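Shown next, in structure tokens, is the structure this report addresses.
The values are calculated or read from the model by the stated rules, or taken from the named source; none is laboratory data. Note that the coordinates shown come from a computational prediction; the quantities given were computed from them, not determined experimentally. A quick note on method: Cβ atoms are made from the backbone with ideal geometry, for glycine too, and the neighbour counts reach across all protein chains shown.
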Amino acid sequence: MKICVFGAGAIGGYMAVKLVQVGAAVSLVARGPHLKAMQENGLTLIEQSGNRVNVAVTASDDPDQLGPQDYVIVTLKAHSVPQVVDKIQPLIGEDTTIVSCVNGVPWWYFHKLDGPFEGTRVATVDPGDVQWNGVGPDRVLGCVVYPAAEVVEPGVIKHIEGNRFSLGEPSGEKSERALALSKALSAAGLRAPVRPRIRDEIWVKLWGNLSFNPISALTHATLDVLCTDPGTRAVARGMMVEAQEIAEKLGVKFPVDVDRRIDGGAAVGAHRTSMWQDLDAGRPMEIDALVTAVQELGLLTETPTPTIDTVLALIRLRAKMAGLY
């Protein structure tokens, strides 16, 4: 089994080290100082225990050098993926599976989704159908990423918490390709259940990202603060209630209620969300995949989204003022 991790940053690097440790045939696509460090010194993982693991890796910025793969695990941020569809092509063979480890509403969301919207394209995350036409939804295996990790310096990944990567076919079937990847990830010490309703998990994670991320970027409040302050909690709750109405119209079942989900965010503690971190670092934020796409689905399902619309307008302007949108 040949596996390529495309966009081997924090999460991709964490997966890669764990897989290489058990002898998997893994290659990585990266760029810049991080790539140079991996090529010269290997890839280092600082585990939760503080133990440091270093592995030699095959890493390149040229997918042509790597050839067709059995699995291409895409761990880029959503707004970066349409730009690399052409670069992914040399990695795609007849039976290649693209594993979508991307936050937010995925571009393949309506592929094989029973109901009136089957086959609908999500323009916000796939403008011009670049991914739909260039990769093809039949190749996609969904993945919801739960671990937290960060690149602490080029070539060095710090694992903070979590080891679960839920997998799921858009159709809901337990396919051979999903089960084979699950087995490989499990052998590497990662939890990789194959879910029949992967969209349910996508929405539970998106619930928090949709609301906590932009509110934290706007207020610079950590999760424990914004989830317990009455004002910001009410705003987050309003966004989440609107999102739940959209999702339920699309057949999603939520295993927890809104307030338990917010309480779960508070329990994470003094965490700076990724959107806030990106804003501070001058990096583009995942506004469209996490917020605008939900607004788009609201329009599709004829669901009013006044709270989402308001917060989206504010975070877009904040990003524009910083030259990031």
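Only one of (1) out of contact with any helix residue (DSSP H, G or I) (no Cβ under 6 Å at 6 or more places or on another chain); (2) farther than 26 Å from H79 by Cβ; (3) exposed (fewer than 14 other Cβ atoms within 10 Å of the Cβ); (4) modelled with pLDDT of 95 or more is not met by D263, so which one is it?
Failed condition: (3).
Under 9 Å between Cβ atoms, at least 6 apart or on separate chains: pull out the pairs that start in the range 245-259 with a residue that is more than 12 Å from G115 (Cβ to Cβ) and surrounded by 14 or more Cβ atoms within 10 Å (Cβ to Cβ) and end on any residue that is among the acidic types (D, E) and at pLDDT 95 or above.
A247/D200; F254/D200; F254/E248
Filter the range 151-199 for residues that are among the basic types (K, R) and either modelled with pLDDT under 95 or in contact with a Pro (Cβ under 9 Å, 6 or more places away or on another chain) (or both); which is surrounded by the most Cβ atoms within 10 Å (Cβ to Cβ)?
Per the criteria, the residue is R199.
Looking at (1) at pLDDT 95 or above; (2) among the β-branched types (V, I, T); (3) under 20 Å from the mean Cα position of the chain (by Cα), can you tell me which one V311 breaks?
(3)
Just for the range 56-78: of the residues that are within 23 Å of N209 (Cβ to Cβ) and in contact with a helix residue (DSSP H, G or I) (Cβ under 6 Å, 6 or more places away or on another chain), which one is modelled with the highest pLDDT?
Step one: of the range 56-78, the residues within 23 Å of N209 (Cβ to Cβ) are 73-78.
Then keep just the ones that are in contact with a helix residue (DSSP H, G or I) (Cβ under 6 Å, 6 or more places away or on another chain); that gives 75, 78.
Numbers: T75: 96, A78: 93.
In this case the residue turns out to be T75.
Looking at (1) within 21 Å of the chain's Cα centre (by Cα); (2) surrounded by 20 or more Cβ atoms within 10 Å (Cβ to Cβ), which one does D138 not meet, given that it meets all the others?
Of (1) within 21 Å of the chain's Cα centre (by Cα); (2) surrounded by 20 or more Cβ atoms within 10 Å (Cβ to Cβ), only one is false for D138: (2).
For the range 247-270, does any single residue satisfy the condition of being under 24 Å from E150 (Cα atoms), touching an Asp or Glu at 6+ places or on another chain (Cβ under 9 Å) and not in a helix (DSSP H, G or I)?
Taking every residue of the range 247-270 in turn, at least one turns out to be under 24 Å from E150 (Cα atoms), touching an Asp or Glu at 6+ places or on another chain (Cβ under 9 Å) and not in a helix (DSSP H, G or I).
Confirm whether T120 is in contact (Cβ under 8 Å) with a residue 60 or more places away in the chain and of a type in the set (S, T, N, Q). Outline the logic, then answer.
Details: in contact (Cβ under 8 Å) with a residue 60 or more places away in the chain: yes; of a type in the set (S, T, N, Q): yes.
Spelling it out, T120 is indeed in contact (Cβ under 8 Å) with a residue 60 or more places away in the chain and of a type in the set (S, T, N, Q).
For the condition in contact (Cβ under 8 Å) with a residue 60 or more places away in the chain, in contact with a strand residue (DSSP E or B) (Cβ under 9 Å, 6 or more places away or on another chain) and either surrounded by fewer than 23 Cβ atoms within 10 Å (Cβ to Cβ) or not hydroxyl-bearing (S, T, Y) (or both), what is the one hit in N41, N54? Reasoning before the result, please.
Numbers: N54 fails: in contact (Cβ under 8 Å) with a residue 60 or more places away in the chain.
Checking each option against the conditions leaves just N41.
Just checking, how many residues over the range 278-322 are at positive phi and without any contact (Cβ under 8 Å) to a residue 24 or more places away in the chain?
Within the range 278-322, the subset at positive phi is 282, 302.
With without any contact (Cβ under 8 Å) to a residue 24 or more places away in the chain added as a condition, the list becomes 302.
Qualifying residue count for the region: 1.
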